[in-house]
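Engineer: Quick one: the structure is below, and I'll ask about it shortly.
The values are calculated or read from the model by the stated rules, or taken from the named source; none is laboratory data. Because the structure is predicted, anything quoted here is derived from the model rather than measured. Cβ: placed from backbone, ideal geometry, glycine included. Neighbour counts: every protein chain shown.
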Amino acid sequence: MYSSRKAGSMSKLRVPITVFTVIILAGLLFGSGFAVGAGYPPFDRVLAGTSLKPASAPVKGSNGDLGSEFNVFWEAWRILKREYVEPERLKDPQKITYGAIDGMLDSLNDPWTAHLDAAQFKMETSDFQGSFAGIGAQVTKTNNQVTVVSPIDGSPAAKAGIRPGDIILKVDDEEISRLSLTDAVTKIRGPKGTTVKLTILHQGDNHPVDLSIVRDEITTSSVSWKMVDNKIAQIRIAQFTETTVADLTSALKSAESQGATGVILDLRRNPGGLLDAAVGVASQFLKDGIVVYSVDQAGKKVNYPVRKGGVEPDLPLAILVDTGSASGSEVVAGALQDAGRGPLIGDETVGKGSVNQLERLSDGSALYVTVARWYTPKGRLIEGKGLSPDIDIVLSPDDVKNQNDKQLQRAIEYINTGK
């Protein structure tokens, strides 16, 4: 068999633990709280459980309720209004208010709690409808660098050679390190058929390259599969959508009818999606227990149980993960790893385990607020830690270039030998 290791800390290069994750698609974000699967909220953006609350009710009381320490804010404001040399710069109350909100959120050092202006919020609500227009890449920000978590299979980004870990330095020759991630994403987005020039530093390279990418409609496909090594079903889940469980069930039954002797569940470059789908996927390989649980501010624990009637609770299983496996894929991988159902093979995962709630503000903008954390069934915190594979295999740039999939090869070996 295999031995499980504890999920430990990951290198700063590969762990976006101080970042905000989005998908560059037709809308700003992917996996938002607007394509709700049956039973559970979806993961935020790509990566966390999100629910949408209606416009917030007015806050009771006055700003005095915030405590005397906030008086200094109003002192500074009064001084600016009275003394600042260019008073016309103070005549945009929205800009000043949003700056104050962003500063408040920055002080939390929580990459998943963020402010969206009205336009960004509108883009957010239009996402997750099956097809998008954009470059098709999940990005995040760490150490002031916009970093690719994962390109979507078959997207313009993937076809251009963008890979997990790549850093986007410039957009149309404009440096973006000083921009917020949402502003950087807005610059990368654009209508179908238009071209965006990205200056990319590939992971492991010393010199950046310029890539011109034509934005296109991104049709999202959740599940694909094929037989490898004659009788082993390699099932790739690119993301968790409303059709994923049905598509996976169909794939498993087809593989079984063709005499599959084992399953390789490929969650590499899977940025997450709907919680309902993630629970359903894990349940296909488990008999009982829970898939994941959350803990909120008050310490309230909510369990998400395994659903009965899984198609393959006993067939030999290996799970492929990498630095692009996030949130929903970490939930599935963590549940299967904790249950001893099969080894995780590959590289350490992202470490996105926040439950986020989307709250509209009175001016049409919105706040994403972290309200809870995800834990694996054995109590391992996903946020900021991710999952360590049982069998560690990192693909080098040459492996990727030459399509030498050593992770898949090792998974085949495990299914055939049991070790």
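Engineer: Any idea which residue in region 180-201 is modelled with the lowest pLDDT, counting only those that are surrounded by 19 or more Cβ atoms within 10 Å (Cβ to Cβ) and of a type in the set (A, V, I, L, M)?
Structural biologist: By that ranking, first place goes to LEU181.
Engineer: When region 186-208 is examined, which residues are found to be of a type in the set (D, E, K, R) and within 13 Å of ILE176 (Cα to Cα)? I'd like the intermediate steps shown before the answer.
Structural biologist: Within region 186-208, the first condition is being of a type in the set (D, E, K, R), and the residues that meet it are 187, 189, 192, 197, 205.
If the condition is that a residue be of a type in the set (D, E, K, R) and within 13 Å of ILE176 (Cα to Cα), then LYS187, LYS197 are the ones that fit.
Engineer: Now a separate question. Out of GLU348, GLU359, I need the residue that is assigned by TED's automatic domain parsing to the domain that holds ALA326 and assigned to a loop (DSSP other than H, G, I, E, B). Which one? Full working, then the answer.
Structural biologist: Values: GLU359 fails: assigned to a loop (DSSP other than H, G, I, E, B).
Criteria check complete, one pass: GLU348.
Engineer: Among the residues of region 224-241, write down those that are over 30 Å from ILE168 (Cβ atoms) and either within 22 Å of the chain's Cα centre (by Cα) or touching a residue at least 40 places away in the same chain (Cβ under 8 Å) (or both).
Structural biologist: Of region 224-241, the ones over 30 Å from ILE168 (Cβ atoms) are 225-235.
Within region 224-241, VAL228, ASP229, ILE232, GLN234, ILE235 qualify.
Engineer: Output the residues belonging to region 154-179 that are surrounded by fewer than 17 Cβ atoms within 10 Å (Cβ to Cβ) and under 17 Å from ASN270 (Cβ atoms).
Structural biologist: GLY154
Engineer: If you don't mind, another one. Take GLY204 and tell me if it is farther than 23 Å from PRO305 by Cα, modelled with pLDDT under 95 and among the small types (Gly, Ala, Ser).
Structural biologist: Numbers: farther than 23 Å from PRO305 by Cα: yes; modelled with pLDDT under 95: yes; among the small types (Gly, Ala, Ser): yes.
Against the criterion (farther than 23 Å from PRO305 by Cα, modelled with pLDDT under 95 and among the small types (Gly, Ala, Ser)), GLY204 qualifies.
Engineer: Search region 202-223 for residues being under 30 Å from LEU252 (Cα atoms) and touching a residue at least 60 places away in the same chain (Cβ under 8 Å), and hand back the single one that is surrounded by the fewest Cβ atoms within 10 Å (Cβ to Cβ). First the steps, then the outcome.
Structural biologist: Initially, region 202-223 is screened for residues under 30 Å from LEU252 (Cα atoms), giving 217-223.
When the remaining residues are screened for being touching a residue at least 60 places away in the same chain (Cβ under 8 Å), the result is 217-221.
On the way: GLU217: 15, ILE218: 26, THR219: 12, THR220: 22, SER221: 16.
By that ranking, first place goes to THR219.
Engineer: When both residues are 6+ apart or on different chains and their Cβ atoms are under 8 Å apart, which pairs have a first residue that lies in region 360-374 and is buried (at least 18 other Cβ atoms within 10 Å of the Cβ), and a second that is of a type in the set (Phe, Trp, Tyr)?
Structural biologist: Partner pairs satisfying both residue conditions: ARG360/PHE121; SER365/TYR98; SER365/PHE121; ALA366/PHE121; TYR368/TRP112; THR370/TRP112; TRP374/TYR293.
Engineer: If you go through region 291-305, how many residues are crowded, with 16+ Cβ neighbours inside 10 Å and of a type outside the set (Val, Ile, Thr)?
Structural biologist: Here is the first cut: in region 291-305, the ones crowded, with 16+ Cβ neighbours inside 10 Å are 291-295, 304.
Then keep just the ones that are of a type outside the set (Val, Ile, Thr); that gives 293-294, 304.
So the answer is 3.
Engineer: Now for a separate question. If only one of ALA326, ALA318 is assigned to a strand (DSSP E or B) and touching a strand residue (DSSP E or B) at 6+ places or on another chain (Cβ under 9 Å), which one is it? Before the answer, list the steps.
Structural biologist: Details: ALA326 fails: assigned to a strand (DSSP E or B).
One residue alone meets the criteria, ALA318.
Engineer: Say we look at region 147-156 and pick out the residues that are among the β-branched types (Val, Ile, Thr) and closer than 17 Å to ARG215 by Cβ; which of these is modelled with the lowest pLDDT?
Structural biologist: ILE152
Engineer: Name every residue in region 383-416 that is surrounded by 18 or more Cβ atoms within 10 Å (Cβ to Cβ) and farther than 17 Å from LEU320 by Cα, in order of residue number.
Structural biologist: Scanning region 383-416 gives GLU383, GLY384, LYS385.
Engineer: Pick from LYS159, LYS122, LYS81: which is within 30 Å of THR199 (Cα to Cα), basic (Lys, Arg) and either at pLDDT 90 or above or in contact with a Phe, Trp or Tyr (Cβ under 6 Å, 6 or more places away or on another chain) (or both)?
Structural biologist: Numbers: LYS122 fails: either at pLDDT 90 or above or in contact with a Phe, Trp or Tyr (Cβ under 6 Å, 6 or more places away or on another chain) (or both); LYS81 fails: within 30 Å of THR199 (Cα to Cα).
Of the residues listed, the single one that is within 30 Å of THR199 (Cα to Cα), basic (Lys, Arg) and either at pLDDT 90 or above or in contact with a Phe, Trp or Tyr (Cβ under 6 Å, 6 or more places away or on another chain) (or both) is LYS159.
Engineer: Okay, moving on. Looking only at region 382-411, how many residues end up being in contact (Cβ under 8 Å) with a residue 12 or more places away in the chain and not in a loop (DSSP other than H, G, I, E, B)?
Structural biologist: Count: 9.
Engineer: If you don't mind, there's one more thing I want to ask. I need the full set of residues from region 267-306 which are more than 18 Å from LYS352 (Cα to Cα) and under 20 Å from the mean Cα position of the chain (by Cα), in order please.
Structural biologist: GLY280, VAL281
Engineer: Quick check: anything in region 130-139 of a type outside the set (S, T, N, Q), closer than 22 Å to LYS192 by Cβ and free of Cβ contacts under 8 Å to residues at least 60 places away in the same chain?
Structural biologist: In the first step, residues of region 130-139 are kept if they are of a type outside the set (S, T, N, Q); the result is 130, 132-137, 139.
Checking which are closer than 22 Å to LYS192 by Cβ leaves us with 130, 132-137, 139.
From what's left, free of Cβ contacts under 8 Å to residues at least 60 places away in the same chain: none.
No - not one qualifying residue is present in region 130-139.
Engineer: Right, something else. Scan region 247-268 residue by residue and report those that are outside any strand (DSSP E or B) and not small (Gly, Ala, Ser). Give the steps one after another, and end with the answer.
Structural biologist: Within region 247-268, the subset outside any strand (DSSP E or B) is 247-261, 267-268.
Hits for region 247-268 are ASP247, LEU248, THR249, LEU252, LYS253, GLU256, GLN258, THR261, LEU267, ARG268.
Engineer: Let me ask something else about it. Say whether the condition of being over 27 Å from LYS231 (Cα atoms), buried (at least 16 other Cβ atoms within 10 Å of the Cβ) and in contact (Cβ under 8 Å) with a residue 60 or more places away in the chain is met by at least one residue in region 306-319.
Structural biologist: Scanning region 306-319 turns up no residue that is over 27 Å from LYS231 (Cα atoms), buried (at least 16 other Cβ atoms within 10 Å of the Cβ) and in contact (Cβ under 8 Å) with a residue 60 or more places away in the chain.
Engineer: Here's a follow-up. Limited to region 134-145, what total is found for residues that are aliphatic (A, V, I, L, M) and either surrounded by fewer than 24 Cβ atoms within 10 Å (Cβ to Cβ) or within 13 Å of LEU211 (Cβ to Cβ) (or both)? Walk me through it before giving the result.
Structural biologist: Just the residues of region 134-145 that are aliphatic (A, V, I, L, M), to begin with: 135, 137, 139.
Subset that is either surrounded by fewer than 24 Cβ atoms within 10 Å (Cβ to Cβ) or within 13 Å of LEU211 (Cβ to Cβ) (or both): 135, 137.
Adding up the residues that qualify gives 2.
Engineer: Related question: Let me confirm something: among LYS308, LYS287, LYS300, which residue is of a type outside the set (Gly, Ala, Ser) and more than 20 Å from ALA251 (Cα to Cα)? Steps first, please.
Structural biologist: Numbers: LYS308 fails: more than 20 Å from ALA251 (Cα to Cα); LYS287 fails: more than 20 Å from ALA251 (Cα to Cα).
Criteria check complete, one pass: LYS300.
Engineer: Out of region 331-345, which residues are small (Gly, Ala, Ser), buried (at least 24 other Cβ atoms within 10 Å of the Cβ) and either outside the structural domain of LEU265 (by TED's automatic domain parsing) or more than 15 Å from the chain's Cα centre (by Cα) (or both)?
Structural biologist: First, the residues of region 331-345 that are small (Gly, Ala, Ser): 333-335, 339-340, 342.
Adding the requirement that they be buried (at least 24 other Cβ atoms within 10 Å of the Cβ) leaves 333-335, 342.
Correct list: GLY334, ALA335, GLY342.
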